1. For region 172-203: of the residues being over 14 Å from Thr74 (Cβ atoms) and either touching a Ser or Thr at 6+ places or on another chain (Cβ under 6 Å) or part of a strand (DSSP E or B) (or both), which is farthest from the ligand (Cβ to nearest atom)?
2. Pick out the one residue from His206, His183 that is touching a residue at least 12 places away in the same chain (Cβ under 8 Å) and under 18 Å from Gln131 (Cα atoms).
3. Condition test on Thr263, is it outside any helix (DSSP H, G or I), more than 19 Å from Tyr189 (Cα to Cα) and either without any contact (Cβ under 8 Å) to a residue 12 or more places away in the chain or touching a helix residue (DSSP H, G or I) at 6+ places or on another chain (Cβ under 7 Å) (or both)?
4. Does any residue in region 370-391 that is closer than 19 Å to Gln330 by Cβ come within less than 7 Å, Cβ to Cβ, of a residue that is among the aromatic types (Phe, Trp, Tyr) and away from the ligand (no atom under 16 Å from the Cβ) six or more places away or on a different chain, and which pairs are these?
5. For region 21-60, give me each residue that is in contact with a helix residue (DSSP H, G or I) (Cβ under 6 Å, 6 or more places away or on another chain) and either within 16 Å of the ligand (Cβ to nearest atom) or under 30 Å from Arg400 (Cβ atoms) (or both).
6. Which ones in region 206-256 are under 20 Å from Glu90 (Cα atoms) and in a helix (DSSP H, G or I)?
7. Among residues belonging to region 136-171 that are within 12 Å of the ligand (Cβ to nearest atom) and not in a loop (DSSP other than H, G, I, E, B), point out the one that is modelled with the lowest pLDDT.
8. Among the residues of region 258-311, how many are touching a strand residue (DSSP E or B) at 6+ places or on another chain (Cβ under 8 Å) and under 16 Å from Ala335 (Cα atoms)?
Amino acid sequence: MSQAEPVHSPKHRVGDLRIFGGSPAFIEKLHVGRPNVGNSQRFLERVNDILERKWLTNNGPYVDEFERRVVQLTGVQHCIAICNATIALEIAIRALGLKGEVIVPSFTFVATPHALQWQEITPVFCDIDSQTHTIDPNEIEKLLTPRTRGIIAVNLWSYSCDIAKLEEIAARRSLKLLFDSAHAFGCSYQGRMIGGFGNAEVFSFHATKFLNTFEGGAIVTNDDDLARATRLMQNFGFTSYDQIACVGTNGKMSEISAAMGLTNLESMDDFIAVNRRHHKQYEEELTGFPGVSMLFTDEKEKGNYQYVVLEFDASKTIVTRDELLQILHQENVLARRYFYPGCHRMEPYRASGLSLPETERVANRVLSLPTGTSITPADISTICGIIRLVVTNGGEISERLRDERR
Ligand code: T4K
């Protein structure tokens with residue numbers, strides 16, 4: 001059931017657009033990132049268990065079970081559940097002994113470089129591959145200095161990096177390799193589940209992610225020593241009641257988060273089915289419109305299809321990505337231009353004046369559209385109808401918008 005029924009039939013004329021005086025296509029706002037929620041009855045039963053047990057946090061039985069389920073699902077040896085992925089990145093970075101400079105893509109959520117900068121490690125921003133929007137391995141070697149200790153690669157939008165090439169560079173140059181796989185839970189690379197690559201990987205289970213635990217994250221690794229170190233660090237460094245082994249923090253996941261995670265894991269296949277159907281519908285409804293392209297999906301791999309990412313080439317659509325964004329917002333379609341303008345052009349990183357051409361090109365072209373279990377096929381048809389109307393009347397719309405700005 002849609003939370004945002006269209007007010008009226010799809011728009012046919014430019015004058016129907018709200019920006020030119022029409023009524024909005026949706027009464028309520030359609031968001032990118034509405035949470036996927038599994039069986040709420042099952043979740044409430046688990047909440048009752050927690051209340052009866054009076055064990056709310058500190059690695060309780062649901063956290064333990066959640067970690068075991070993630071291990072089974074990913075085929076990785078260790079999972080350490082964490083309160084969110086930002087803290088998980090910080091802990092993994094510290095446990096890996098990273099210092100000095102670490103290479104990261106600029107086209108990512110700002111949490112990736114922040115997790116380094118927070119520990120006074122310099123993020124060295126690398127450009128991306130234009131097809132996958134992930135770090136370009138060919139650019140990495142140009143950025144290596146004697147201070148470089150590692151690479152954090154980001155498996156973005158559920159698409160994986162060129163992992164084989166990254167592992168080869170890391171091994172040859174003796175660098176640590178950490179994957180920020182915040183978006184990639186449930187996805188695979190060359191038939192193996194994301195989670196077991198590099199020294200470690202980090203998942204996010206934030207409310208907006210494919211699988212959510214309200215807030216949450218996890219460090220997954222096949223390295224026994226690293227698993228031990230990260231588990232200590234997420235619990236203040238405690239080895240027993242009054243013994244501390246190392247500096248630590250509070251990175252623990254609560255029982256209620258794990259209860260949500262376990263409940264949502266039971267519906268994971270349904271979430272994928274819905275996302276995949278939506279992805280296909282967007283693809284079908286927008287194929288063949290010059291200047292509009294959708295990021296490829298590799299049918300040979302497992303995906304969670306959590307993000308629908310379009311690229312707009314303004315030389316063909318005439319209307320720019322930002323004009324389209326403005327039009328969609330007026331229609332109550334809250335599309336997002338993730339991760340504009342690129343971390344290297346955001347505070348506190350922009351002082352370097354660095355230029356990364358592919359990152360900047362992609363950041364100026366992408367638009368992420370609503371999908372997930374709160375969206376219906378009818379919603380998608382209406383959204384695609386608006387996009388088609390805009391790009392087929394690009395010249396007229398662009399002129400009218402520019403006239404209005406004068
Ligand atoms: N690495 C990468 C590559 C990441 O993308 C992220 C997070 C991280 C690391 C760090 O993970 P965490 O520390 O968060 O676990 C969102 C999320 O806050 C963030 O988790 C995510 N990436 C990023 C890509 O997107 P915003 O600014 O889009 O979130 P927000 O709060 O505006 O939510 C988007 C829309 O979702 C809202 O307009 C409404 C809807 N929404 C949101 C929440 C929280 C709901 O309907 N219900 C909700 O509970 O950042």
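The values are calculated or read from the model by the stated rules, or taken from the named source; none is laboratory data. What you are looking at is a predicted structure, and each value in this text was computed from that prediction instead of being measured. With ideal geometry, Cβ positions are generated from the backbone for all residues, glycine too; neighbour counts draw on all protein chains shown.
1. Among them, the one singled out is Lys176.
2. His183
3. Spelling it out, it is not the case that Thr263 is outside any helix (DSSP H, G or I), more than 19 Å from Tyr189 (Cα to Cα) and either without any contact (Cβ under 8 Å) to a residue 12 or more places away in the chain or touching a helix residue (DSSP H, G or I) at 6+ places or on another chain (Cβ under 7 Å) (or both).
4. Ile380/Tyr282; Cys384/Tyr282; Arg388/Phe289; Val391/Phe289
5. Gly22, Pro24, Ala25, Asn36, Gly38, Phe43
6. Scanning region 206-256 gives Asp224, Asp225, Leu226, Ala227, Arg228, Ala229, Thr230, Arg231, Leu232, Met233.
7. Filtering first and then ranking leaves Ser158.
8. Total meeting the criteria: 13.
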